[in-house]
Amino acid sequence: MNLQVIKKDSSNAVLVSCKELNVELWIDVSIEDNDVIADWNKYIFYLNNSEDVRIKAIQENSWNFELFTSVAIDYLEKNNVILQDDNGKWSEC
């Protein structure tokens, strides 16, 4: 899949676009106990809303989770927002 970062906000959430899935989703990224934590930003879904149901299905796919979070973490690392040292410990720059 072709994923692209659209933007980052002040809390280090990253908006990732996927043309194949026709979706833009936010990924929350934080550093906790020297580890990088990433998760979907959207967690409330209205099951009577077809777009919410579609996004929920996308987010429930573990492969999509791996792809989107990897792109978000990589973006923050390449832009000197977060870094991983030689011992595998993460920190904010």
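No lab work stands behind these numbers, since they all come straight from the coordinates. Keep in mind the model is a prediction, meaning the values are calculated, not measured. Every residue, glycine as well, gets a Cβ built from its backbone with ideal geometry; the counts of neighbours run over all protein chains shown.
Scanning the stretch 1-27 for residues that are more than 11 Å from the chain's Cα centre (by Cα) and among the β-branched types (Val, Ile, Thr), we see that the one that is farthest from Ile58 (Cα to Cα) is Ile6. Val36 versus (1) among the aliphatic types (A, V, I, L, M); (2) closer than 18 Å to Asn12 by Cβ; (3) more than 14 Å from the chain's Cα centre (by Cα): which is the lone unmet condition? Val36 satisfies all of (1) among the aliphatic types (A, V, I, L, M); (2) closer than 18 Å to Asn12 by Cβ; (3) more than 14 Å from the chain's Cα centre (by Cα) except (3).
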